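Input: a single structure, listed below in structure tokens.
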Amino acid sequence: MDKKTVLEAGVRAIQEAAPDFAPDLAIILGSGLGSLADRVEKVAVLPYDQIPGFKPSTAPYHAGRLILGRLAGKNVAVMQGRLHYYEGYTMSEVTDPIRIIALWGVKRIILTNAAGGVNQTFARGDLMLITDHIKLFTESPARGKENHLFGPRFFDMTETYSVSMGHVLRKAARKQGIHLREGVYMFFPGPQYETPAEIRMARVLGADAVGMSTVPEAIVARQMGLKTLGVSLISNLAAGMPGQTQITEEEVAETGAAAAERFCALIETAVELLPPAGTEE
Ligand code: HPA
């Protein structure tokens, strides 16, 4: 089957599961942040193996299901668990769910992740608005034969992270009494965490946080004309930083669990404050 056929079959599988459901936005939940899905009043739940174009999620703490339902007065499509490049998937496979969601009609997406803090003023447990990203070395998910279904071949990345959605997140943080950090997220392919030297490099280049997800999705979202909001939970300080001796997936998960309440409140409030679909500028 060619790509177009697979993606269109993916869209159909979602439509058939919830024929009258018009999505206002999509949300992708990062490592340890899956509990937001519990707050969704569910209309349909689709395990990824029931959606053509979605690969099984093999990462820890990534449930691997698409949840359609109501959250804070909006129709949301929540990916509880994402696909990562380090799982062995191609960049294209990692981002096909974004293409399917976009072809289905979603215009806005919230990408969340757990990330290592590189900025020396950050602390474990901080929440960060992603204002921009850096991706070096790893191939682009947009690489490949030109396909107009995916958007233009060459596309601008100046406002990959929507300024207006960023304002909404700041407002949500104020409302929740959350001290929101802001910064640049740098993509590393993983699955190994970075070396201290790589983290020093990242800081010199302008990164505030590092992680193994989000950037491929943000690139494809941009190509397909979606507005993106990115939010990182600083689950640990990055390698070699004062007090950081060993990064483990347990630390990442523990911070996720400890921050779940604040994270969910922030995202839920942002969803509530977002303008209704179709009315934003
Ligand atoms: N590095 C890369 N990815 C991560 C980290 C990190 O320190 N923490 C959580 N995801």
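Observations on the structure shown:
- Meets criteria (modelled with pLDDT of 95 or more, open to solvent by 60 Å² or more (accessible area, probe 1.4 Å) and more than 26 Å from D24 (Cα to Cα)) for R174: no
- Hey, Y48 among the aromatic types (F, W, Y), on the phi < 0 side of the Ramachandran plot and buried (at least 18 other Cβ atoms within 10 Å of the Cβ) or not: yes
- Looking only at the range 97-115, and only at residues there that are open to solvent by 10 Å² or more (accessible area, probe 1.4 Å) and either in a strand (DSSP E or B) or in contact with a Lys or Arg (Cβ under 9 Å, 6 or more places away or on another chain) (or both), the one that is farthest from the ligand (Cβ to nearest atom): K107
- Close Cβ contacts (under 6 Å, 6 or more residues apart or on different chains) running from residues in the range 234-252 that are without any contact (Cβ under 8 Å) to a residue 12 or more places away in the chain to residues that are surrounded by 10 or more Cβ atoms within 10 Å (Cβ to Cβ) comprise Q244/L237.
- Number of the condition not met by T58 [criteria: (1) open to solvent by 30 Å² or more (accessible area, probe 1.4 Å); (2) closer than 28 Å to S164 by Cα]: (2)
- Applying the criterion of being open to solvent by 40 Å² or more (accessible area, probe 1.4 Å) and not in a strand (DSSP E or B) to the residues of the range 121-139, the residue that is modelled with the lowest pLDDT is F137.
- So L33, is it among the hydrophobic types (A, V, I, L, M, F, W, C) and touching a Lys or Arg at 6+ places or on another chain (Cβ under 6 Å): no
The values are calculated or read from the model by the stated rules, or taken from the named source; none is laboratory data. If you're wondering where the values come from, they're calculated on a predicted model, not measured in any experiment. Every residue, glycine as well, gets a Cβ built from its backbone with ideal geometry; the counts of neighbours run over all protein chains shown. Calculation scope for accessible area: heavy atoms of the full protein, side chains included, ligands and nucleic acids excluded. Shrake-Rupley method; radii C 1.70, N 1.55, O 1.52, S 1.80 Å.
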